[in-house]
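Each remark here refers to the structure printed beneath this line.
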Ligand SMILES: [Zn+2]
């Protein structure tokens, strides 16, 4: 959103400022303050040249925006602005990659099991993690492990109480056996193809980690949920009760053509067919039947019998028979779907229009599970 820029375009189009002053041209200290995207340049030029006789002044002097030279200078500075933006984001990526390859611990709150330096073990917590992994491999329920931890008065590094999800995350993070992961993948050194070893002390061996991971469904593992998850955070939000919560983005367009992309949240609906609806909290322009949306996601997951997002037969059967809990279903959706764009409905339309929901899939390497098989140190 650039209200100042939009205001400028409106004034240029009308020919005068809000105060009635006629506009004879634009003075600009640096082009990249005015536009960094081709769309903005095109809109600016159309507005500037909508009336004859205007000039464009920059630190190098006066430009004639109606001449080919004036336009080509504007395009050159757009190219430079775009290149600069790309270089900046690449630099940031390189930095993360370099840190990751060196095996330097992530920044952020300390992980459960390690001290503030993120390298030395926190002996009491590390012992608990080791015990939990052994117990789990021997068949103990995660719920029981979480209960034990609660009874022992265990709290997370930010004061949260253990629950089955956080305990699962702690046990299945590659960190416990000393390996690095980033964005759901074990990091492999580009030269050797071997996993990158972290600088911190491990709690268990790679074999033990593999064994404990094998006791969970892939969707609940650390590698599917990202680095944000494996800490006890202190504020436990109530678990979402609907399948699509958190995945939906608003596809309504503002009058200037910009798509809202606000989060759609579940609310009580007014009809029997739609006892709940998902609605945009940002713009209020988009609302869709809850059961309709969940049906789209369910079809996507359950009816897909080919490709990298295929559900195993056993899991599909559990889903369809109603045995599977909503948390597990949501984990599966989250391992496959990056987000869903929802287009606003047509006023008065009666029939459900499934095409309003457009799922954006994660790239297959994120959805697959095979990459989580480390080759051993
Ligand atoms: Zn919206």
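The values are calculated or read from the model by the stated rules, or taken from the named source; none is laboratory data. These figures come from a predicted structure and were not determined experimentally. Don't worry about glycine lacking a Cβ; one is built from the backbone with ideal geometry, like all the others, and counts go over all protein chains shown.
Out of all the residues in segment 211-244, which are surrounded by 15 or more Cβ atoms within 10 Å (Cβ to Cβ), at pLDDT 70 or above and over 30 Å from residue 275 (Cα atoms)? Across segment 211-244, the qualifying residues are 211, 212, 213, 215, 216, 217, 221.
Please tell me if residue 264 is touching a helix residue (DSSP H, G or I) at 6+ places or on another chain (Cβ under 6 Å) and either surrounded by 20 or more Cβ atoms within 10 Å (Cβ to Cβ) or modelled with pLDDT of 80 or more (or both). Here the answer is no, as residue 264 does not meet what is asked.
Quick check, is residue 330 in contact with a helix residue (DSSP H, G or I) (Cβ under 9 Å, 6 or more places away or on another chain), modelled with pLDDT of 75 or more and at negative phi?
For residue 330, the condition - in contact with a helix residue (DSSP H, G or I) (Cβ under 9 Å, 6 or more places away or on another chain), modelled with pLDDT of 75 or more and at negative phi - is met.
Does segment 70-82 contain any residue that is surrounded by 13 or more Cβ atoms within 10 Å (Cβ to Cβ), touching a strand residue (DSSP E or B) at 6+ places or on another chain (Cβ under 7 Å) and at pLDDT 80 or above? Checked against the condition, which is being surrounded by 13 or more Cβ atoms within 10 Å (Cβ to Cβ), touching a strand residue (DSSP E or B) at 6+ places or on another chain (Cβ under 7 Å) and at pLDDT 80 or above, segment 70-82 yields at least one hit. Taken as a whole, segment 290-305 holds no residue that is loosely packed, with under 12 Cβ neighbours inside 10 Å, away from the ligand (no atom under 16 Å from the Cβ), at pLDDT 85 or above and over 25 Å from the mean Cα position of the chain (by Cα). All conditions in (1) exposed (fewer than 15 other Cβ atoms within 10 Å of the Cβ); (2) modelled with pLDDT under 90 hold for residue 123, with the sole exception of (2).
If we keep just the residues of segment 251-279 that are part of a loop (DSSP other than H, G, I, E, B) and over 30 Å from residue 3 (Cβ atoms), which is farthest from the ligand (Cβ to nearest atom)? Across segment 251-279, the extreme among qualifying residues is 272.
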